[in-house]
């Protein structure tokens, strides 16, 4: 049976000699994962074949060499070239080495490029963090903290630490948002929960003042002040790290009460006393007097035992003794803002006293500092309360729980104290230290208390409706141009809380 043809050596090119094969010998050649199956046809007389691949890339043919040729052609063995199969050339040893070397070189080049990219990126990030650190006053803060009792390592956080603590500022970690920034819940490396405040904007002209305040606040250690754990200055805007307070704000408990945990009259008196004590400490007991400038119920937090914690010192100012703070920009929250401060742009400790008086009225009445449910002239809670006092309608506006649980003498005493705090003349308002003493006396009296008048400092004056309303209307008409917050709920301190 004629299966194929072969071209014998010496035969004319292109001429194929037909042969008859009695035996078909399959041979497989593997090179570079390519399997070449050759069917070698042989005559009976041909015992074995030595198969090799031609190194001539131009020929690319398979040559079969007879080990025992049946036809002698001198000393050279007979060759038969199969014309039906094409073979791939086998590289020489030098080519193999060159190929391996090229591959390894390319691999090292790619690895080196990646390493160089990471190195340059790390250096760029480092330089960027150092730039922000210097711009945000990090060197000044380190100098101030090193000269105090503060621990720099515990006060200064790296951006990497806070990224990890907040899961790269994941939206699920947001506790709340205020006009000045967003606060995230985070877990520090020591397992302590913290509230991390990230500001929206930064005023470079006030960075030195900001650093001074951070240095002062880092030294405050009062049980009724939210502890500033530290800050991070390696980011575009400084980050503040506070202790985490879980039980919400006083505002939430007063105006969105939880029946399971009601704020009783005794709790209200205790909270008022604790807040007054914290402010008294800031005004007089701290190394340098600190004015909070934004006292309100949403900046008073409640811890696990419902103890008061004053928070949000974002607008606080540290003032040298015998000085007052004059500013061209009014800051505060509408409903708590001291009208005298609004008119004079001069903030004193008595401005904090006025705001605290509004909080006292909130505790008594359970009403919001600004309400559209009241008439225009009584929209402000302070105005509404003072008019009710003048018209002897105090017990008509009190919270039902206060009426039920509080002794009449205690309620009247607290109301009179609140009225003094709301005096339009700042010099006639009591100091926070005196307020603390009177509140403690009320709590200890068990319903048998009357407030002792203290000379001219606590002299009561007659609040005429027209005068008070006129001054407040003047303040409220300029809220937009002076950028006063009109939403008492929106607080930068509120985000320190758990949503649970």
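Nothing in this text is a laboratory measurement; each read-out follows from the coordinates by a stated rule. Please read all numbers here as calculations on a predicted model, not as lab measurements. All Cβ positions, glycine included, derive from the backbone under ideal geometry; neighbour counts span all protein chains shown.
Some notes on this structure:
- A Förster radius of 51 Å combined with the Cβ-Cβ distance from residue 107 to residue 261 puts the calculated FRET efficiency at roughly 0.20.
- Highest average packing first - 401-412, 356-367, Cβ atoms within 10 Å: 356-367, 401-412
- In this simple spin-label approximation, residue 135 and residue 433 carry label points 7 Å from Cα along the Cα→Cβ vector, and these lie 4.4 nm apart.
- Distance between modelled label sites at residue 207 and residue 345, nm, 7 Å Cα→Cβ extension: 2.6 nm
- Gap separating the Cα centres of segment 211-277 and segment 335-397, nearest whole Å: 22 Å
- Virtual paramagnetic centre 7 Å along Cα→Cβ of residue 237, amide N under 20 Å, in segment 288-311: 294, 299, 311
- Order by protection proxy (mean Cβ within 10 Å, highest first), peptides 229-236, 101-108: 229-236, 101-108
- Spacing of the two label points (7 Å from each Cα toward its C-beta) at residue 172 and residue 189, in nm: 2.5 nm
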